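Notes for the one structure printed next.
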Amino acid sequence: MKRFRRLLFNVITAVSLLLSVAVAGLWVRSYWIYDVVGFPLVKPQHFATLSEARGGVQLTVNVGDSNEPVHQFGIESHSLNELESILPQSTTTHMMLHPPFFAWYYFDGSHSGIKMRFYMFNLPHWLFLTFFALWLVFPVQQWSRLRRYVRLNRCLTCGYDLRATPDRCPECGTVPQKM
């Protein structure tokens, strides 16, 4: 069981490291490239988009009142400078290309004759990076503690000083490994 827990902990640490590096890369990329992934929801006129721009991640849920399908699954990437020159200047465009941090918006209006409701949630990249990086603190702390215990000739299980009894820990009974 202990071996399984250690393996699981190592896998979680490795995944956390990979996610931290990926989020950091996407964070830097978001200042030049606008990425968006769109996917339909339950009803054909409902769809959601997950996008990133200028250090923020935005989830937008669009609820249409028409029976026509509005959006299909798709992945797009655009230069932010290109989008700013093409898209009309509006509050929605500004929120899309310059997402504020920790924001929630509700918009009710129409687009191309279709009545739409937009729900927008914005979170900064650094929040995700902090969350994934916190998982890396625990293995580093454990590794540091074990190195210190070996250097100071302490029991790796309980930390008892083994200078007087190097064959067995009198506190927990653990036999130290010979290195």
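The values are calculated or read from the model by the stated rules, or taken from the named source; none is laboratory data. Computed from a predicted structure; not experimentally measured. Counting neighbours? That spans all protein chains shown, and the Cβs are built from the backbone with ideal geometry, glycine included.
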- Task: Could you list all residues from segment 100-125 that are modelled with pLDDT under 65 and more than 27 Å from residue 43 (Cα to Cα)?
- Result: 100
- Considering residues of segment 28-55 that are in contact with a Phe, Trp or Tyr (Cβ under 7 Å, 6 or more places away or on another chain) and not in a strand (DSSP E or B) only, the residue farthest from residue 79 (Cα to Cα): 41
- Message: What's the total number of residues in segment 136-179 that are within 25 Å of residue 7 (Cβ to Cβ) and among the acidic types (Asp, Glu)?
- Response: 0
